[in-house]
Amino acid sequence: MQKIVSRIYNYFRNVIFNFGESQMPEHYSSQKYLLNSPDADMVYSAKKLEALLTFAERLLEVMQRAANLLKSSQVNTEIEIIKAELEVLERQLLRLSPLALAYERNSTGQIEYSPVSSNLSKNLETMKGILASSDIVIREFDFGLTKRKGGLIYVAGLTDKEIINNNILSPLMGGENQDKYHLPTIDIIQKKLLTVGDIKKSDQISDLKIYLLSGESLLFIDGISEALIVNSAKWETRGVEKPDMDNVIRGPREGFSESIMINLPLLRRKIHNSHLRFVTIKIGDQTKTDVCIAYLSNIANDKLIEEIKIRLNRINTDAILDSGYIEAFVEDSPYSIFATIAYSEKPDIVAAKLLEGRAAILVDGSPIVLTVPTLFIESFQSPEDYYVRPYFGSLLRLIRFLAYFASVFSPAVYVALITFHQELIPTPLLINFAAGRAQVPFPAAFEALAMGAVFEILREAGVRLPRPIGSAISIVGALVIGQTAVSAGLISPIMVIIVGITAIASFVIPAQADSSVIIRLCLLLAAGIAGGFGILMVTLVVLLHLASLRSFGVPFLSPFAPLSLSGLKDAFFRVPLWAMAQRPTVLNPSDIMRQSFPTRSFTSENDKHSSME
């Protein structure tokens, strides 16, 4: 069957090209169309036979049409149309080969091969059957002197009606174009009639279906076995607003939106560099979500980008609704309590990480952008550190470290001191502690666990309820419950202070809020069982676990383990920007130098005054 179709095709193509031109453009051998797959089951499968029969049917339609044209007097004017049809058939025949990897699979694992027909009515009926929904709009019309039939399909609410009316329908149906082209081909329509910036062609129904549901418009022409994909996507979305997290006093206040078409220009506006690359792939058998990889090709390591692409292409799931789905599929240590992929809602933060050699992953429908690889130290860094003077920025960073340790260790240290190590507490303070706990019937460990649980409940209620109500419940609930519990003798006053300090300190490092809750619970249990020794054991386990983590091959605890002296310039303290001449070496960027060193043009007071004169 395959050989017969190939021979008919080659013979017919030779006739057409010899009729239109004096010589063949190239030699076409039927052997190049043969399927040489060693898998006999695939070669002789029913799906393959069905695809070949479909191709033969379309080839017969073209042959019949060409025969009618040869009998008429319009051969010279329409021979180009026949050539275009044959080019389409050639590409489709090549797609039948398993060696070309052109078979497409749907969610059921079946081969999906459905080419566009040259019959307009058949194409429209096919699309109606696939997309049986009330929001699918099909507009049939006639255009040209010969009143050629066309069909436009789009999704209401996902397209711009002005583009459809003014840039698609009006050029085709307008009177000024009626006399220019007797029988316009698909290339003429694409290049000379439609006034839209982005237009693509496709001959596969499966591809057209994805584009249509993404907001594009599909243009079918009777007699042409290809369709035009016209960029007309437009839908209501949230604009650029101030983000809810990563708030700063000094610095940009714009945040990402849910639309990836808004987020990509935000990065492009920050980095005016031709090396900024965006690679988009679709993930999700049902949702077909756009996932974009952003990186600087002259800075980011090529192996990092390849690893990201490999991990994303391995994702096989029904839906991707948020960037958190991507994080769960591509992270190095899915069972760790620490997140090895950073995220942000601000373009300036993401742009700064791209300039260091990292890559960003943007997901359509999510304002949260992932950045990889990430380090543990990044949780204590704020964008405002680099917008203020280094002394104040370093002080703020030290406060964050102090707040993190206070939120994690405060309840455990208090329980260990009260339960096992009373001799370490000064005598006056110990007397006050004993007086406050005189009426409390519960041990200190249970007291801390109960108050911690109440705090987490209040915080969850404040987050889930509407903002005005949630804030009121959090404040009033904490005051009422705390005061009432102390008055009833259920908890000691010092425990209220400890829990309050822990709660406030935990909000300073939001990136580690999830892991700090679990670590705090483990330390508290260990302190209630073994005192200071238990705290030491849990701390060692956590440190060993941190040292073993990797983020896309990069040590998570760098620059501390392994030690990097250049990385310590931006760890506990932040040196001036002009002193950070190199990018983080642990990222292994293609271009290690961020700037020449030294970058300041003067080194003394005399030089400063002389440069100003």
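Here are a few things to note about the model shown:
- The chymotrypsin sites (Phe, Trp or Tyr not before Pro) found in the stretch 257-361 that occupy coil by DSSP, while having at most 14 further C-beta atoms within 10 Å, are Y335.
- Nearest-0.05 FRET efficiency for R314 and Q64, computed from C-beta distance (R0 51 Å): 0.65
- Listed residue (S259, F220, I210) projecting farthest to the positive dipole end of the stretch 173-282, Cβ model: S259
- Both radii are taken from the alpha-carbon atoms of the stretch 178-264; with Rh as the Kirkwood radius, Rg/Rh is 1.21.
- Put simply, the amide H of A342, placed in the peptide plane, has neighbours under 5 Å in T371, T374, leaving out anything fewer than 5 places away on its chain.
- Relative to the current alpha-carbon distance between R550 and F329, full extension at 0.36 nm per residue lengthens the span by 78.1 nm.
- Label sites at E460 and M173, each approximated as a point 7 angstrom past Cα along Cα to Cβ, lie 5.7 nm apart.
- Descending semi-axes in Å of the stretch 279-390, equivalent ellipsoid built from Cα gyration tensor: 24, 15, 14
- Net lengthening on full extension, T419/E306 (0.36 nm per residue, minus Cα-Cα): 35.3 nm
- Computed E for E384/I281 - FRET, C-beta separation, R0 30 angstrom, nearest 0.05: 0.30
- FRET efficiency estimate (nearest 0.05) - Cβ-Cβ, D591 to I249, R0 25 angstrom: 0.15
- For the pair S121 and Q483, the difference between a 0.36 nm per residue extended length and the Cα-Cα distance amounts to 122.7 nm.
- Estimated inter-spin distance, N298 and L321, nm [label 7 Å along Cα→Cβ]: 4.2 nm
- For the stretch 273-310, the residues whose amide N sits under 20 Å from a probe point set 7 Å from the Cα of D198 along the beta carbon direction are 273-284, 287-296.
All of the numbers you see were taken from the coordinates with simple rules; none came from a lab. Small disclaimer: the values here were computed from a predicted structure and weren't measured. So basically every Cβ, Gly included, is an ideal-geometry build from the backbone, and we count neighbours across all protein chains shown.
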